[in-house]
Amino acid sequence: MAKLSDYPTAGEVKDFLLSVMDEADERKSKINPSFSKQQMWDVFMGSVIGKDDDALYIGHQGKAYIAAKNINREFGSKEVV
């Protein structure tokens with residue numbers, strides 16, 4: 001099983017999030033227990049909606065690395081579509 005890469009493109013993030021959509025439910029988030037997994041999925045998907053698929057997910061490498069790690073931590077290791 002694959003994980004999201006450390007420095008993904010917006011398209012890779014969209015594909016990954018769509019592949020784990022069924023995991024986004026009312027359980028508590030691992031990365032922020034104040035939110036549900038559904039709410040975190042919405043935040044992550046909202047950050048890529050409207051971006052060109054070939055664009056870097058987040059321009060700054062440090063922020064992109066942390067964001068990718070958080071997505072992987074929240075939604076586990078799923079096959080990327």
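The values are calculated or read from the model by the stated rules, or taken from the named source; none is laboratory data. Because the structure is predicted, anything quoted here is derived from the model rather than measured. Methodologically, a virtual Cβ is constructed for each residue, glycine included, from the backbone with ideal geometry; neighbour enumeration extends over all protein chains shown.
Annotations
- Looking only at the stretch 1-38, and only at residues there that are more than 17 Å from Gly76 (Cβ to Cβ) and not in a loop (DSSP other than H, G, I, E, B), the one that is nearest to the chain's Cα centre (by Cα): Lys14
- Qualifying residue in the stretch 2-9 (condition: loosely packed, with under 13 Cβ neighbours inside 10 Å and of a type in the set (Val, Ile, Thr)): no
- Pairs where the first residue, in the stretch 51-74, is under 13 Å from Leu17 (Cα atoms) and the second is in a helix (DSSP H, G or I) and at pLDDT below 90, C-beta under 6 Å, 6+ apart: Tyr57/Ala64
- Filter pass, Lys69 being among the basic types (Lys, Arg), outside any helix (DSSP H, G or I) and in contact with an Asp or Glu (Cβ under 8 Å, 6 or more places away or on another chain): no
- Filter result (within 13 Å of Pro8 (Cα to Cα), in contact with a strand residue (DSSP E or B) (Cβ under 8 Å, 6 or more places away or on another chain) and surrounded by 13 or more Cβ atoms within 10 Å (Cβ to Cβ)) within the stretch 21-72: Leu56, Tyr57, Ala64
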